[in-house]
Structure formats: C-alpha cells, structure tokens
1. Please find the FRET efficiency linking residue 45 to residue 181, where r is the Cβ-Cβ separation and R0 is fixed at 25 Å, and quote it to the nearest 0.05.
2. What Kirkwood hydrodynamic radius do you get for segment 141-252 when you take the inverse of the mean 1/r over all pairs of distinct Cα atoms, in Å?
3. Please list the non-local residues whose amide H lies under 5 Å from the amide H of residue 107, H modeled 1.01 Å from N, same-chain partners needing a gap of 5 or more.
4. Report the charge-dipole magnitude of segment 130-173 in Debye, nearest 20, computed about the Cα centre from +1 at each Lys and Arg Cβ and -1 at each Asp and Glu Cβ.
5. For helix 192-203, what angle does its Cα long axis make with the longest principal axis of the chain, in degrees from 0 to 90 and rounded to 10?
6. How large is Rg/Rh for segment 1-50, to two decimals, with Cα atoms and a Kirkwood Rh?
7. Pop a pseudo-label 7 angstrom from the Cα along the beta-carbon direction at both residue 32 and residue 132 and give the gap in nm to one decimal.
8. Under the rule of at least 5 residues apart or a separate chain, name every residue whose amide H is placed under 5 Å from the amide H of residue 71.
Amino acid sequence: MIVDIDVKSYYPNLAIQNGFYPHHLGEDFVSVYKELFEQRMQAQKEGDSATNSGLKLALNGAFGKSNDKFSLFYDPKYFMSITINGQLLLSMLAERIIDNICSVEVLQINTDGITVKINRSDENKLYGICEKWQKVTGLILEYALYSKMVIRDVNNYLAVTKEGKPKYKGCFEIIPMQNGAVAYNKDWSMRVVPKALDAYYRFGIPIEKFIREHDNIYDFCMSFRARTGWNIYRNYINPELRIRSREKLQRT
C-alpha cells in the first residue's frame, strides 16, 4: 500500500508548538498566530473553503515574509528555526519508519510530508510510529492512501487515491490551481501534454493516439516570453510570392 503522510499546517504549527516568533514582535505573536490557526481549523471543519484558504494564506504568508528583508516580519533566526527544525523532524519520522518497518520503500519526502510504500500487514505499525512522533512534536499528521503514483520528482507527480480520485502536481497538473482556486496567473501552455499523460497513466491510452485524436486547438497553444537580448522570429513560406519569409515578433 502507498501511504502519504502530511503534517497539518506544518510551518505555522512548528512556530506555535515551539514558541518561535520574530524577535522584534515579541511573544504575543505566538498567541495571535495560534488564534488564526484555530480559526482556520474551525473553518475547515465547517466546510468554509473561502475562510480556510484566506487564513492558510495569512499563516503561510507571515512565515514566508520572515525571510524578506523588506517585510515587518523579517527575522532570519525565526525563519531558520522553523525550516531547519522542520527538516530535522521529518528526517526523524523517516528514520523511525525505516528502522522499524522492513518492507518500507520511501517514495519521496518533501517540505511537509513523506510518502511510503509498505506491506499491508505493516499498516498498524506505521500508524503507531506516527502516533509516537505526534506526541513528541505536538504536531498533527494527516494520511492519504493511493492506489498508484507516477513520480517525475517531488514537485511533479500524479497520484490516484483508493477511491480513484486523481491528484496532480507540477507538470501533471491539467488545470493549474493555487490555494484551491483556478490559477490564471500560472502558465497554461500545452495543456495537451498533461492531458495525454493523464490518459496514458490512468486509462492506458497511448500518448501518440491521444495527441493525434485530440481536437481542442487551444490545448496545443503555447506562450513564451523572450529574455532581454533575445529576439523571436516567425519563418514561413509567403503564399503569394512563394518565397521563404521572416518576420520579427514581439517579445511575448
């Protein structure tokens, strides 16, 4: 079985559980941060996706800005306390799983989680290890069970849940998303590529067959922006003069 283990609201929770705060803002920062986190958990419980997404952005944004020297949250020690502890705690969880479960294969470890493949007979042992880790750290783990994972790297993969629901990341993402909403600010080039990958890995349709039979011309379109110092040209055959022509285009 494939088990995806995620730490709930990892970086904000690390700050709350360990009392980390930007030095110049004082300890009250932790209290306010905790209050926002609890509000987010309540919104999530009630199915209020707008409030949940907004508070998630606020919580993660405050952490992210702690590494921005132009932000009022700027404090490199606070930033490094969270990121380094985060890496070490996840490494500790991975180490405990590897040391105690012989059948384990670690598929990936990212910023806030670990994905493992184990024998079904070791399922309870895995959850027991995770439970002990939660007691030591004060953090909360969430689980997802996958029937299939297709992984290019830790930021680009296709996962299929036991119920058959797909989860797309990076190059496998058919509709670019951000914080639960459609992200029109992302690159929508060549949608036919992730669609072809999805058709192949989920339904066994050959890549070439899917692309040749796909009839949405917009999925083949691509955007490109030339860097400074580069120029873009269109080379084509002029149908009237029947000669090869060249036209300089705008940078985007």
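1. On the way: r = 20 Å, r/R0 = 0.81.
Efficiency at R0 = 25 Å is approximately 0.80.
2. Its Kirkwood hydrodynamic radius stands at 17.1 Å.
3. Sorted by chain and number, the residues that satisfy this are 115, 116, 117.
4. Rounded to the nearest 20 debye, it is 80 debye.
5. So the helix axis and the longest Cα principal axis differ by about 60 degrees.
6. 1.10
7. 4.0
8. So residue 71 has HN proximity to no qualifying residue.
The values are calculated or read from the model by the stated rules, or taken from the named source; none is laboratory data. These numbers come from a predicted model, not from an experiment. Here Cβ is always computed from backbone atoms with ideal geometry, including for glycine, and neighbour counts include all displayed protein chains. Accessible surface is based on the protein model in full, side chains and every heavy atom, while ligands, DNA and RNA are left aside. Shrake-Rupley method; radii C 1.70, N 1.55, O 1.52, S 1.80 Å.
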